[in-house]
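Right, one structure below, let's go through it.
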Amino acid sequence: MTEATTEQIGGAGLAAGTQVPPATKHLPLWRRLAEAAALNPWHVVLVVVAAVLAAFSEFLTIALIQPVLMLFSEGSPSDLELTRLQLWIVAELQALGTGQRIMAIVCLIIFLQILRESLLFFSEFFSIRIRTKFELAMRKRTYRQCLAMHMAAYRNTESGEIHTILNSYPRSSAGYVFSTLSMVPVTIMLVVYVAMMIQAEWRLFLIIAVVSVLIMYGMKAAHSLQGRYGRLMRDGLVRTSSKANELIQALPVIRAFAQEQRAEASFVAIADDFMKVSAKSSILNAAVGPLQRILSFTLVLVSILVFYSFTEVEEAQLVATLVLFMFILARINGPLTQLNLQRLGLAQLFPFVVDLLAFLDRDTEEDTGVAPPPITGIGFEHVGFAYEDGTQVLQEIDLEIKKGEFVGLAGPSGAGKTTLVNLLLRFERPTSGRVAVNDVNIATVSASAWRRRIGMVPQKPYMFDVSIMENIRYARPEATDAEVFEAARLANAADFIEALPDGYATRTGEGGSMLSGGQAQRLALARALLIKPELLILDEATSAQDTESERRIKETLERLRGQIAVVVIAHRLSIIVNADKIVVLDRGRIVETGRHRDLMTQAGLYAHLVEVSRRDDGLAAHVGPSPLDDEALSVCTAPT
């Protein structure tokens, strides 16, 4: 898979094509992450303090080398330029006997190593604590962002992207923070090693420093390549997640057409591309360490030999300095390799972090505004709506819905009925005109308070994987059992619920998988009625009902007539024949308005839709149930 191909697919392409920045650019990115997760700065201070103390113990260990060597050689400490600390150590050791001196040196070195490793452990321990808390905070933040984003934002977002952001991005960003924190003790250790080398022989250090810079520069290509792999892995995660989600949603279609092999091949191709990139990234990580160590060790040794070939020094000083440098080089190799690997890790995780921050920067729905007044009338005033690409969905909509009025919305598919309801719920925002409640623009009222006044029954209701009781009570958690039972009775759901072995304690399965479509719709209606809404909206809520169930739902709607406003979107026109007002939409405009009887006499679009339903019903004996059953047709054609 090429980079271009991946970015054309671009599931998570919020930052597609973003280049990996130099190290100086990581600090502001890390700062933004810390702010997003409300990271406690004192936790970072603990990491730094532990690392500094560990570095100081390493400094003491290195400070022992030269004076100890001089004590056991023919040289004298005066031959070396020792620090006050080293001179004090020499003086204390010289006061001891040979056996005691050896024992003291061994014990001191062991103690310093235990101290060093313990402090490094605590530094990493605090880093792990930060990473854990950070990941949890980012998971909360991303989930909250998903809940707060405008519904319109989901139109241009793949489901796989949302899944990847929720599942993988918080961990990736936590890994980014952890890698950055892990560089703190490594960097401090390197500072100690550099200081000791400068103090021992600054000219040799300059040669080694130049060689090290050249090696680090040579690794730049590996960092750039790892950044590219990171972008490819980010996109691969989104695509595999989208395919997994597709499997769950499309499994009935796949099996119905016996396309299991095709579906598997499609998933395998995406998974194979992702795993190839992941393997290349891992191989690059594995190769960088050995390569860097071989280059460093070889070039530095050559540098030492060249330097001392042209430098005249005392033999004792030469031995002590060489031993010191070899010890430091042996110790510095690990941190240098670790630093390189961490830089590679940052390059790989960088695209995930940029995408996550871009996601958190997306516009959200602010739940501000005044409390909405009790609904006595809702008005659409010259309302228009268009998508971001300019596609016009609604134009010049003028409509009034009064308290207690039963309004039916009819029209062909794509006429704009669902968009009209979405505007009413504030899921979408008008691009022109306004929607008002009691002459108050609903854009100025609290969105959550406004929606609590509305009961919504979607065409494909979602059931949570809990009991039927909890699914109905979801709309109003404080509702009593008696109120839940009454809502179920009103929605014509009580009979089938009580017939179940566990009754209201029956689990519905994820998404309502243990229910039929009609049962799920009746539970959704009960959930909507539980909040005692001032406005009830049904979006094709009887599409999965049989004739008897639909008749009972119509009885429920009749009982609500005059008490609350009811808006029903219907392709199955029998549900709205008794509506106080039927609004017919076509191509985003209201083309007819009136009662069923009046619209039938106009021989317009509504009458045509009824006629089509009648013809379909005439074929019922051959092709199965029609959108209008026998009872519905008799209602449609009877005077009202």
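The values are calculated or read from the model by the stated rules, or taken from the named source; none is laboratory data. In this text, all values refer to a predicted model and were calculated from it rather than measured experimentally. Counting neighbours? That spans all protein chains shown, and the Cβs are built from the backbone with ideal geometry, glycine included.
Filter the strands (runs of 3 or more DSSP E) completely within region 379-440 down to those with at least 1 residues that are free of Cβ contacts under 8 Å to residues at least 60 places away in the same chain and either in contact with a helix residue (DSSP H, G or I) (Cβ under 6 Å, 6 or more places away or on another chain) or not small (Gly, Ala, Ser) (or both).
392-402, 432-437
Criterion first (in contact (Cβ under 8 Å) with a residue 60 or more places away in the chain, surrounded by fewer than 16 Cβ atoms within 10 Å (Cβ to Cβ) and not aromatic (Phe, Trp, Tyr)) does residue 191 satisfy it? Spelling it out, residue 191 is indeed in contact (Cβ under 8 Å) with a residue 60 or more places away in the chain, surrounded by fewer than 16 Cβ atoms within 10 Å (Cβ to Cβ) and not aromatic (Phe, Trp, Tyr).
Conditions tested, residue by residue: (1) touching a residue at least 12 places away in the same chain (Cβ under 8 Å); (2) of a type in the set (Phe, Trp, Tyr); (3) crowded, with 21+ Cβ neighbours inside 10 Å.
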site	(1), (2), (3)
495	no, no, no
501	no, no, no
521	yes, no, yes
528	yes, no, yes
540	yes, no, no
552	yes, no, no
556	yes, no, no
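For region 471-493, how many residues meet the condition of being in contact (Cβ under 8 Å) with a residue 40 or more places away in the chain and not aliphatic (A, V, I, L, M)? Count: 6. Restricting region 445-471 to residues that are aliphatic (A, V, I, L, M) and farther than 14 Å from residue 533 by Cα leaves a set whose member that is surrounded by the fewest Cβ atoms within 10 Å (Cβ to Cβ) is 466. Looking across region 530-572, the residues that are at pLDDT 80 or above, part of a loop (DSSP other than H, G, I, E, B) and within 41 Å of the chain's Cα centre (by Cα) come down to 531, 532, 533, 534, 564, 570. More than 22 Å from residue 479 (Cβ to Cβ) and crowded, with 21+ Cβ neighbours inside 10 Å: does that describe residue 582? Yes, satisfied.
For the condition closer than 19 Å to residue 473 by Cβ, in a loop (DSSP other than H, G, I, E, B) and at pLDDT 80 or above, residue 525 does not qualify. Criterion first (in contact with a His (Cβ under 6 Å, 6 or more places away or on another chain) and not hydroxyl-bearing (Ser, Thr, Tyr)) does residue 433 satisfy it? Criteria met by residue 433. Could we say that residue 513 is surrounded by fewer than 16 Cβ atoms within 10 Å (Cβ to Cβ), over 30 Å from residue 376 (Cα atoms) and of a type in the set (Ser, Thr, Tyr) here? Spelling it out, residue 513 is indeed surrounded by fewer than 16 Cβ atoms within 10 Å (Cβ to Cβ), over 30 Å from residue 376 (Cα atoms) and of a type in the set (Ser, Thr, Tyr). Annotation note: Cβ proximity below 8 Å between a residue of region 155-184 that is within 15 Å of residue 355 (Cα to Cα) and modelled with pLDDT of 85 or more and a residue that is of a type in the set (Asp, Glu) and surrounded by fewer than 21 Cβ atoms within 10 Å (Cβ to Cβ) (sequence gap 6+ or interchain) occurs for 170/135; 171/135; 173/135; 174/135.
Remark: pairs (first residue in region 121-138, within 9 Å of residue 50 (Cβ to Cβ); second residue in a helix (DSSP H, G or I) and hydroxyl-bearing (Ser, Thr, Tyr); Cβ separation under 9 Å; 6+ apart in sequence or on different chains) = 123/182; 124/182. For region 120-130, the condition of being over 30 Å from residue 36 (Cβ atoms), of a type in the set (A, V, I, L, M) and part of a helix (DSSP H, G or I) holds for none of the residues. When region 408-418 is filtered for residues that are buried (at least 22 other Cβ atoms within 10 Å of the Cβ), of a type outside the set (Lys, Arg) and on the phi < 0 side of the Ramachandran plot, the ones remaining, listed by number, are 408, 409, 410, 415. All of (1) at pLDDT below 75; (2) under 26 Å from residue 164 (Cα atoms); (3) not hydroxyl-bearing (Ser, Thr, Tyr) hold for residue 279 with one exception: (1).
Only one entry of 227, 218 meets the criterion of being buried (at least 17 other Cβ atoms within 10 Å of the Cβ) and either touching a Cys at 6+ places or on another chain (Cβ under 8 Å) or modelled with pLDDT under 75 (or both), and that entry is 227.
If you go through region 32-57 and keep only what is closer than 20 Å to residue 355 by Cβ and without any contact (Cβ under 8 Å) to a residue 60 or more places away in the chain, you end up with just 35.
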